[in-house]
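A short worksheet on the structure shown next.
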Amino acid sequence: MVVPAMDVLQTLLWHDGKFLGIEWHWWKLIGWIGNLAFMSRFLVQWVATEKRKEVVVPASFWWLSLLGSWLLLSYAIFSAKNSVFIFANAFNWIPYLRNLVIHRRHLKAHMTCLHCHRVNPPQARFCMECGRLLPVGIQTSASPPAVAD
């Protein structure tokens, strides 16, 4: 007797009331979402690097890192209750948060040319558009042109 393909597929996907052989609950879902957020950082960084043709780490990479690490830490504390898993995720969010702070300070440090209103990087002494000397100490909170975020 030939078993219909749908029955085989259903047996592989749903077995003993478990989807993919995994017993699902809310904390398991949070853990998997944390894993997906953490994994998606790779794709974000890859796309940004390919777009610029140089190594780029966009701010979204750090946001996904932060989200993923907090979700995994929550899962480790409230569901897995495994001290090794908790310790592995307890402190890795600190550099992600620090990098976001540094990124924000860098964006705030950009300077606007008083003549042509071009937003220039913090280290520039001359405007990249009109070539005039940039005033020292005058900064703008305007965001620079979008890079790869």
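How many residues does the range 94-133 contain that are of a type outside the set (A, V, I, L, M), surrounded by 11 or more Cβ atoms within 10 Å (Cβ to Cβ) and without any contact (Cβ under 8 Å) to a residue 12 or more places away in the chain? Talk me through it step by step, then tell me what you get.
If we filter the range 94-133 for residues that are of a type outside the set (A, V, I, L, M), which is where we start, we get 95-96, 98-99, 103-106, 108, 110, 112-113, 115-118, 120-123, 125-127, 129-132.
When the remaining residues are screened for being surrounded by 11 or more Cβ atoms within 10 Å (Cβ to Cβ), the result is 95-96, 98-99, 103-104, 106, 108, 110, 112-113, 115-118, 120-122, 126-127, 129-130, 132.
With the extra rule that they be without any contact (Cβ under 8 Å) to a residue 12 or more places away in the chain, the set shrinks to 95, 98, 104, 117, 126.
Residues flagged as of a type outside the set (A, V, I, L, M), surrounded by 11 or more Cβ atoms within 10 Å (Cβ to Cβ) and without any contact (Cβ under 8 Å) to a residue 12 or more places away in the chain within the range 94-133 amount to 5.
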- Would you point out the residue of the range 1-22, among those that are in a loop (DSSP other than H, G, I, E, B) and of a type in the set (Gly, Ala, Ser), that is farthest from TRP62 (Cα to Cα)? GLY17
- Residue by residue through the range 20-35, note down the ones that are surrounded by 13 or more Cβ atoms within 10 Å (Cβ to Cβ) and touching a helix residue (DSSP H, G or I) at 6+ places or on another chain (Cβ under 8 Å). TRP27, LYS28, ILE30, GLY31, ILE33, GLY34, ASN35
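From ARG98, ARG104, which residue is under 24 Å from LEU36 (Cα atoms), modelled with pLDDT of 90 or more and not in a loop (DSSP other than H, G, I, E, B)?
Details: ARG104 fails: under 24 Å from LEU36 (Cα atoms).
Being under 24 Å from LEU36 (Cα atoms), modelled with pLDDT of 90 or more and not in a loop (DSSP other than H, G, I, E, B) holds for just one of ARG98, ARG104, which is ARG98.
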- Among (1) in a helix (DSSP H, G or I); (2) closer than 30 Å to CYS130 by Cβ, which single condition is VAL56 missing? (1)
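Looking at the structure I just gave you, is THR11 outside the structural domain of ASN82 (by TED's automatic domain parsing) and hydroxyl-bearing (Ser, Thr, Tyr)? Before you say what the answer is, go through the steps one by one.
Details: outside the structural domain of ASN82 (by TED's automatic domain parsing): yes; hydroxyl-bearing (Ser, Thr, Tyr): yes.
Yes; evaluated as a whole, the condition is true for this residue.
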- Might you check whether a residue that is in contact with a Gly (Cβ under 8 Å, 6 or more places away or on another chain), at pLDDT 95 or above, over 30 Å from ASN120 (Cα atoms) and not in a loop (DSSP other than H, G, I, E, B) occurs anywhere in the range 23-35? yes
- Residues satisfying the stated conditions in the range 63-91, i.e. under 14 Å from the mean Cα position of the chain (by Cα) and either exposed (fewer than 15 other Cβ atoms within 10 Å of the Cβ) or acidic (Asp, Glu) (or both): none
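Report yes if VAL57 is surrounded by 12 or more Cβ atoms within 10 Å (Cβ to Cβ) and touching a Pro at 6+ places or on another chain (Cβ under 8 Å), otherwise no. Let's see the steps before the verdict.
On the way: surrounded by 12 or more Cβ atoms within 10 Å (Cβ to Cβ): yes; touching a Pro at 6+ places or on another chain (Cβ under 8 Å): no.
Considered against the rule, which asks whether it is surrounded by 12 or more Cβ atoms within 10 Å (Cβ to Cβ) and touching a Pro at 6+ places or on another chain (Cβ under 8 Å), VAL57 comes out as no.
The values are calculated or read from the model by the stated rules, or taken from the named source; none is laboratory data. Keep in mind that this is a model prediction, so the values were computed, not measured. All Cβ positions, glycine included, derive from the backbone under ideal geometry; neighbour counts span all protein chains shown.
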